[in-house]
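Peer 1: Pasting a structure here, questions to come.
Rule-based calculations on the coordinates, nothing more; no lab input. What you see is a predicted model, and the numbers here were worked out from it, not measured in a lab. Don't worry about glycine lacking a Cβ; one is built from the backbone with ideal geometry, like all the others, and counts go over all protein chains shown.
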Amino acid sequence: MSAKLKGILQELVGDDTRAVALVGPDGQVVEAVTKRGAGDLQHVAADLVALLKVGAYCARKLDGGDLDHVTMTTDHLAVLAVALGPGHYLATVLDAGGNLARARMQIKRRRAEIAEEIA
């Protein structure tokens, strides 16, 4: 991937962010920026893609339209997975209580640039 994509991902890493990763349709991490405690993101990327595909299926079944994102929170972290287009996803891992709204807004602002880089 390009240096520009890596730079965009680095800009998405805030103080409360552990990692940001671009994930392909096969569940493989295409590019990632990790800060701390997120080395296992590569091991769960395929599972996140499966979660997004099931979520998209449910949304279609409910006539809910296209899936935009899925958020999962636990006692220790929050995961935001955003659909970027045909088969690519952006996964952001935040500390528990991290600012999910900020993360979503930043991704929304940079979505077109990211899509251009993966096209």
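Peer 1: With point charges of +1 on the Cβ of Lys and Arg and -1 on the Cβ of Asp and Glu, referenced to the Cα centre of the chain, which listed residue (H43, L84, P25) lies farthest in the positive direction of the dipole?
Peer 2: L84
Peer 1: Right, another one. Name the lysines eligible as straight-distance cross-link partners of K53: C-alpha to C-alpha under 23 Å, and not fewer than 8 places from it in the same chain.
Peer 2: Partners within reach: K61, K108.
Peer 1: Using the Karplus equation 6.51 cos²θ - 1.76 cosθ + 1.60 (θ = phi - 60°), what ³J(HN,Hα) coupling, rounded to whole Hz, does each residue of the stretch 102-107 give in order, writing x for Gly and Pro?
Peer 2: Coupling constants for the stretch 102-107: 5, 4, 4, 5, 4, 5 Hz.
Peer 1: Let me ask another. So what is Rg over Rh here for the chain, counting just Cα atoms and using Kirkwood for Rh? Display every interim value, and only then the final one.
Peer 2: On the way: Rg = 13.3 Å, Rh = 14.2 Å.
Using only Cα positions, Rg/Rh for the chain is 0.94.
Peer 1: For the pair Q10 and M72, how long in nm is the line joining their label points, each one 7 Å along Cα→Cβ?
Peer 2: 2.9 nm
Peer 1: Do you know the relative contact order of the chain, to the nearest whole percent, from alpha carbon pairs under 8 angstrom that are 6+ apart? Before the final figure, lay out each step's value.
Peer 2: Values: 188 pairs, mean separation 32.5, N = 119.
In percent, rounded to a whole number, it is 27.
Peer 1: Starting with the fewest neighbours, write out D75, D95, D26 ranked by other beta-carbon atoms found within 10 Å of each beta-carbon.
Peer 2: Listing D75, D95, D26 from fewest to most nearby Cβ atoms yields D75, D26, D95.
Peer 1: Just want the ordering: T74, T92, T17, from fewest to most Cβ atoms lying within 10 Å of their own Cβ.
Peer 2: Numbers: T74 8, T92 28, T17 24.
Least to most surrounded, the residues fall as T74, T17, T92.
Peer 1: A follow-up question, please. Rounded to the nearest 20 debye, what is the charge dipole size of the chain about its Cα centre when +1 sits on each Lys and Arg Cβ and -1 on each Asp and Glu Cβ? Walk me through the numbers on the way to the answer.
Peer 2: Working: 14 positive and 15 negative charges, 39 e Å.
Roughly 180 debye for the chain.
Peer 1: While we're looking at this one, here's another question. Choose one answer from A21, A59, A50: the residue with the largest mean-square fluctuation in a GNM of the chain with alpha-carbon springs under 10 Å.
Peer 2: A59
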